[in-house]
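As structure tokens, the structure follows; a few thoughts come after it.
The values are calculated or read from the model by the stated rules, or taken from the named source; none is laboratory data. What you see is a predicted model, and the numbers here were worked out from it, not measured in a lab. Every residue, glycine among them, receives a Cβ derived from its backbone with ideal geometry; neighbour counts consider all protein chains shown.
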Amino acid sequence: MSWTLWSVEDVVWSLDVEDLDERLDGVEWEEVDEDGRTLLHVAVAHGAVLLVRGLLRRLRVGEVGMAVERRDEGGFSPIHTACLCGSAEILGELLAGVPAEMVRLVASAEVRNPTRKTPLHCLAKRGSKVMVDMLVDAGAPVDARDAWGSTPLMRASAVGNADVVVALVAAGADCAVADTTSGDTALHLACEGEHRKVVEILVRQNRSLLGIENREGLTPKAFTDETGR
């Protein structure tokens, strides 16, 4: 039976260790659903670790890299999806599964859509320190720019993910760099979002950030004045 006819329950719960190999017999990893997603994409999105592991185990060496790099209709690979979902265990499985010569490529690859986000950008909302460390160790550039000129540190600061901010700073992320649209730094964005913990982390790292002006001539402190904090 085509995997595209499986229910979410089939993907997440019913594929236990005992029947996994039997259920995967005859499944083509290249088959996609209406959104261009392979079974690996779907398994990653639903946090189905056993299924991800089983799929990677059944693929030939040359196929693993292609499967992990495969993009859906939105331009996302399974790596991007794992980062968006905040699944450290699955990210580890994917990075460990690809050939050594492809690790840096998949860890650094931009989404194939106008946002141009890398896996590190995708960690902003639900990512963790261990996921940042995995990608950095795999060769992902910490100061990569997306379509707005924002770095992963800016994205994590804007949503208040202190865990990711700490990890990126420790990995050498440039705290003083500004985006290419408004000239905001990570500290501007953290102040605007009223993320006090992130503000404290960034200021402790480099107090001179408080004096950097964006394109409107505003320093990060101006945002705290506006919000009354």
Thr81 passes all but one of (1) under 20 Å from Ser2 (Cα atoms); (2) within 14 Å of the chain's Cα centre (by Cα); which number fails? (1)
Across region 57-92, what is the total count of residues that are surrounded by fewer than 20 Cβ atoms within 10 Å (Cβ to Cβ) and over 21 Å from His121 (Cβ atoms)? 9
Run Val44 past the list (1) within 21 Å of Met102 (Cβ to Cβ); (2) in contact with an Asp or Glu (Cβ under 8 Å, 6 or more places away or on another chain); (3) not in a loop (DSSP other than H, G, I, E, B) and report the number of the one that doesn't hold. (2)
Residue list for region 185-222, filter: acidic (Asp, Glu) and assigned to a helix (DSSP H, G or I): Glu192, Glu200
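To keep it simple, each residue is scored yes or no on (1) in contact with an Asp or Glu (Cβ under 9 Å, 6 or more places away or on another chain); (2) not assigned by TED's automatic domain parsing to the domain that holds Gly47.
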residue: Pro78; (1), (2): yes, no
residue: Ala109; (1), (2): yes, no
residue: Val132; (1), (2): yes, yes
residue: Ala158; (1), (2): yes, yes
residue: Asn161; (1), (2): no, yes
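Yes/no per residue for (1) among the small types (Gly, Ala, Ser); (2) outside any loop (DSSP other than H, G, I, E, B); (3) crowded, with 17+ Cβ neighbours inside 10 Å:
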residue: Met131; (1), (2), (3): no, yes, yes
residue: Met134; (1), (2), (3): no, yes, yes
residue: Gly139; (1), (2), (3): yes, no, no
residue: Arg145; (1), (2), (3): no, no, yes
residue: Gly149; (1), (2), (3): yes, no, no
residue: Met154; (1), (2), (3): no, yes, yes
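Just to be sure, is Lys117 among the basic types (Lys, Arg) and surrounded by 19 or more Cβ atoms within 10 Å (Cβ to Cβ)? Quick ask: steps written out before the conclusion?
Details: among the basic types (Lys, Arg): yes; surrounded by 19 or more Cβ atoms within 10 Å (Cβ to Cβ): yes.
Against the criterion (among the basic types (Lys, Arg) and surrounded by 19 or more Cβ atoms within 10 Å (Cβ to Cβ)), Lys117 qualifies.
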I'm checking my understanding of the structure. Among residues of region 57-75 that are in a loop (DSSP other than H, G, I, E, B) and in contact (Cβ under 8 Å) with a residue 12 or more places away in the chain, which one is farthest from Val111 (Cα to Cα)? Leu59
